[in-house]
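To start, the structure under review is shown below, and the notes come after it.
The values are calculated or read from the model by the stated rules, or taken from the named source; none is laboratory data. The structure displayed is predicted, hence computed values, not measured ones. Cβ coordinates were reconstructed from backbone atoms using ideal geometry, including for glycine residues, and neighbour counts include every protein chain displayed.
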Amino acid sequence: MLLSISSLTKVFPGTRALDDVHFDLQAGEVHALLGENGAGKSTLIKCLTGAYRRGGGRMVLNGTEIDPRSTVEAQDQGIGTVYQEVNLLPNLTVAQNLMFGREPRRFGLVNTRAMRAEARAMLNQYGLDLDVDRDLGSYPVAIQQIIAIARAVALSGKVLILDEPTASLDAAEVRMVFDVVRGLRDRGLGIVFVSHFLDQVFDLTDRVTVLRNGRKVVTEETRSLDRERLIGHMLGRELEAATNQTATDRGPRPPMLRFQGMSRRGAVEAFDMDVGQGEVVGLAGLLGSGRTETAELLFGVRTAQSGSASDQSGPLNLTAPRAAIAAGFGLAPEDRKTDGIVADLTIRENIILGLQARRGWARPIPRAEQNRLADDYIKRLDIRTTGREKRIGELSGGNQQKVVLARWLAMNPRFLILDEPTRGIDVGAHAEIVRLIQELTQQGMSLLVISSEIDELIAVSDRVIVLRDRRHVAELTGSQIAPENIVKAIAATGPKQEVA
Amino acid sequence: MNTRALPLYVTIAIFLLAYVICWTQFPTMLSTRVIGNLLTDNAYLGIVAVGMTMVILSGGIDLSVGSVIAFSGVFIAVILRDTSLHPLAVFAMLLVLTTAFGASMGFLIDRLAMPAFIVTLAGMFLARGAAYMLSIDSVPISHPFFQSVQGAYWLMPGKGRLTLIGVLMVLTFIIGMIIAHKTRFGTSVYALGGGEATARLMGVRQGRTTVLVYAFSGLMAGLSGIVFTIYTGSGYSLATVGAELTAIAAVVIGGTLLTGGAGYMFGTFIGVLTMGLIQTYIVFDGSLSSWWTKIVIGVLLLAFILLQKGLLKLSQDRLAGGRG
């Protein structure tokens with residue numbers, strides 16, 4: 001066994017990112033590490049590469065226990081990493097990037113000629129013949145990715161971690177990178193492959209390990225797996241354990257909002273969607289299937305290149321978030337920390353932010369009114385805090401999410417989009433948010449809920465739209481909303497599509 | 001062609017073009033005398049621009065250098081007036097002082113993760129204040145060593161004078177080029193300017209590099225102060241106000257990206273000469289007022305910023321276009 005990880009644990013305030021995870025890697029294998037966002041993949045990799053210190057457990061590489069404290073140290077011990085975003089410097093030449101930190105020197109100065117020759121020799125091993133004096137940034141991303149692999153292998157040489165290396169490559173480029181990876185596997189390296197493109201996982205890997213909520217779900221030979229089982233593992237529903245939790249079918253309702261032919265190249269293909277008053281539409285799909293992009297199109301974060309939106313009274317302008325807000329839309333984004341909260345402001349300030357922005361800064365909301373609003377929502381949503389003047393950054397994830405919700409509710413939108421509303425929050429808060437969603441619809445608000453948890457979607461949705469490869473591929477209503485139907489729709493291999 | 005080198009070629013082309021225009025109007029401008037004076041008159045600016053280039057390449061900025069030059073002049077003049085130390089000993093003391101000053105600014109920038117702009121702005125006020133503390137008035141220097149250094153030159157064919165300080169500037173540029181392009185430290189500087197997080201992942205010792213970069217800039221500012229003192233023969237605390245901005249302008253006109261990571265030491269050399277050339281032209285013309293220098297430099301700066309922005313977009317488009 002080249003690398004063996006046992007009982008790995010990592011705890012962050014409020015969450016258990018890794019809980020007793022076992023993982024092993026043999027020399028000469030490509031091992032896929034899969035899971036949705038927040039499953040613990042990146043935490044595991046960060047522990048391996050020294051970006052995080054592990055909380056507990058053992059990592060043994062080639063018979064010796066390791067505990068890297070930095071990426072450089074991990075590299076020296078034999079673990080190299082290539083990230084999704086190329087982790088080299090585009091402003092340096094190819095040779096400088098390859099040889100950085102170990103340039104051949106003569107009389108204390110860098111021997112450019114020797115450096116060039118060595119860099120060229122390194123690339124020749126991968127069948128590349130490049131002008132190594134050109135800036136790295138002037139080459140296509142696939143070439144840059146191979147150069148990054150070449151550097152990582154040269155520095156570490158035992159374990160290579162590929163973290164979403166193909167996310168920004170087209171199909172031909174992916175093949176090119178995969179050829180390189182297979183070559184390295186045949187040379188006896190152990191390769192960890194993280195990707196959310198299942199086709200690539202089946203194409204390239206020998207074994208698969210699936211994580212969910214910080215725990216290992218399964219490790220299996222890729223050959224013996226099929227797509228449905230794999231997706232079932234990832235989304236947390238064994239197909240046998242079917243449903244008892246279908247949504248209450250409240251019958252069809254007149255559409256309040258109508259979206260037609262909305263699309264944006266590279267984000268999501270054209271789709272139609274109607275949303276009725278008080279209806280909850282769920283969006284299901286794997287990471288990267290176009291869920292978040294759909295939400296961004298509807299809210300004007302990205303402008304749709306085609307299509308139109310309308311309500312009973314006429315067409316709507318959704319070209320910018322401001323316009324969408326004016327049309328009565330709201331969006332609680334997926335990444336709460338960067339896009340949702342303003343960590344240094346208080347709870348009160350975070351709640352009134354949207355309302356104040358709509359009024360314009362020239363007409364401040366009176367302080368008494370602000371206090372009333374904040375107290376009201378703290379009570380209504382049961383936000384656990386010592387007071388309304390507490391910095392929101394000090395709250396737990398679930399309570400932060402409630403504050404973000406409160407901000408939108410204060411603006412009284414008619415259509416609220418929730419992107420992963422329960423990500424990274426504990427079970428209790430989870431249930432409260434689900435209950436809140438149900439309450440809101442009873443008041444006539446329409447919602448679009450995006451979630452990678454099938455149970456959650458089923459619990460709240462009147463209708464579930466399934467996305468795959470950036471397309472809306474299925475729509476399930478009423479009794480069709482069942483885990484096996486959703487998983488089937490996600491797993492079905494549609495017309496082969498280039499990953500872009 | 002490498003798009004990174006394009007600004008350098010543009011800089012050289014503009015300089016040559018400007019020289020040709022000057023020459024057609026005033027044929028005497030193409031003489032070793034003018035070239036000698038160009039080097040002498042801009043020696044202090046060139047030297048400080050070498051340090052500034054290094055700082056800007058690393059993605060930082062150093063606003064303190066103008067004040068450090070003035071402080072250097074006053075420091076040298078006051079110590080020579082009040083003690084019997086040899087100027088060379090005073091120079092050595094000064095260089096140690098300004099290097100340490102730069103290093104401590106670099107330390108603060110790195111350790112406190114403070115913007116270089118703020119830390120060196122504080123350094124600018126500190127150094128200027130220290131100069132005032134030593135003397136408010138202009139202090140003349142009458143040491144015989146100074147007179148001999150001021151008079152040191154080589155006669156070029158055509159009666160041009162290649163002065164000691166002019167040669168010093170050229171040497172500084174050569175050393176700067178070697179450091180920037182031929183040492184691991186230089187590569188680290190480019191790496192930091194290209195992206196701090198990535199540079200750290202690749203093993204750049206960020207703290208050490210940052211401290212060294214600002215120490216180098218401090219050393220260059222001290223050396224520039226010495227040259228400026230030799231050039232003017234006195235120390236004055238109100239001298240070289242805004243020299244840091246002139247140096248930044250020379251670096252940018254020389255084709256270095258203000259955000260760091262791309263540029264050439266040689267470009268800065270041409271940038272300094274271009275700015276000197278504009279001044280020389282105005283002197284030759286005689287009827288133009290000296291503020292035309294500033295206007296032309298302003299226009300050139302703007303043009304270069306637009307050029308860099310355009311190049312950036314061009315290379316991004318090309319990358320995007322290549323992916324289909």
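Return the residues of the stretch B:1-37 that are free of Cβ contacts under 8 Å to residues at least 60 places away in the same chain and within 14 Å of chain A (Cβ to nearest Cβ); say none if nothing qualifies. Answer for the stretch B:1-37, where residues must be free of Cβ contacts under 8 Å to residues at least 60 places away in the same chain and within 14 Å of chain A (Cβ to nearest Cβ): B:M1, B:N2.
Residues of the stretch A:181-188 include none that is away from chain B (no Cβ under 11 Å), small (G, A, S) and touching a strand residue (DSSP E or B) at 6+ places or on another chain (Cβ under 6 Å).
Against the test of being within 17 Å of A:V181 (Cβ to Cβ) and outside the structural domain of A:L48 (by TED's automatic domain parsing), the options A:L169, A:L109, A:L128, A:L160 yield a single qualifying residue, A:L128.
Residues of the stretch B:175-226 that are facing chain A (nearest Cβ under 9 Å), free of Cβ contacts under 8 Å to residues at least 12 places away in the same chain, part of a helix (DSSP H, G or I) and more than 19 Å from B:T268 (Cβ to Cβ): B:R184, B:A197, B:T198, B:A199, B:R200, B:L201.
A quick yes/no check of all residues on (1) surrounded by 18 or more Cβ atoms within 10 Å (Cβ to Cβ); (2) within 25 Å of the chain's Cα centre (by Cα):
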residue	(1), (2)
A:G261	no, no
A:V268	yes, yes
A:D274	no, no
A:S306	no, no
A:P321	no, yes
A:I351	yes, no
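A quick yes/no check of all residues on (1) in contact with a Lys or Arg (Cβ under 6 Å, 6 or more places away or on another chain); (2) outside any helix (DSSP H, G or I); (3) crowded, with 18+ Cβ neighbours inside 10 Å:
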| site | (1), (2), (3) |
| --- | --- |
| A:L128 | no, yes, yes |
| A:V132 | yes, yes, yes |
| A:V153 | no, no, yes |
| A:I161 | no, yes, yes |
| A:L169 | no, yes, yes |
| A:E173 | no, no, yes |
| A:V177 | no, no, yes |
| A:G183 | no, no, no |
| A:D203 | no, no, no |
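The requirement of being acidic (D, E) and surrounded by fewer than 18 Cβ atoms within 10 Å (Cβ to Cβ) is satisfied by B:D137. Can we say B:M156 is more than 22 Å from B:G260 (Cα to Cα), at pLDDT below 90 and hydrophobic (A, V, I, L, M, F, W, C)? Against the criterion (more than 22 Å from B:G260 (Cα to Cα), at pLDDT below 90 and hydrophobic (A, V, I, L, M, F, W, C)), B:M156 qualifies. Of all the numbered requirements in (1) at the interface with chain B (Cβ under 10 Å from one of its Cβ atoms); (2) in contact with a Lys or Arg (Cβ under 7 Å, 6 or more places away or on another chain); (3) of a type in the set (D, E), A:E65 misses one, and that requirement is (1). Within the stretch A:173-215, restricting attention to residues that are under 22 Å from A:I490 (Cα atoms) and basic (K, R), the residue that is farthest from the chain's Cα centre (by Cα) is A:R207. When restricted to residues that are farther than 28 Å from B:Q308 by Cα and either facing chain B (nearest Cβ under 9 Å) or surrounded by fewer than 17 Cβ atoms within 10 Å (Cβ to Cβ) (or both), the stretch A:100-121 contains 15. It is to be established whether one or more residues within the stretch A:29-46 are of a type in the set (S, T, N, Q), out of contact with any Leu (no Cβ under 7 Å at 6 or more places or on another chain) and within 13 Å of another protein chain (Cβ to nearest Cβ). Checked against the condition, which is being of a type in the set (S, T, N, Q), out of contact with any Leu (no Cβ under 7 Å at 6 or more places or on another chain) and within 13 Å of another protein chain (Cβ to nearest Cβ), the stretch A:29-46 yields no hits at all.
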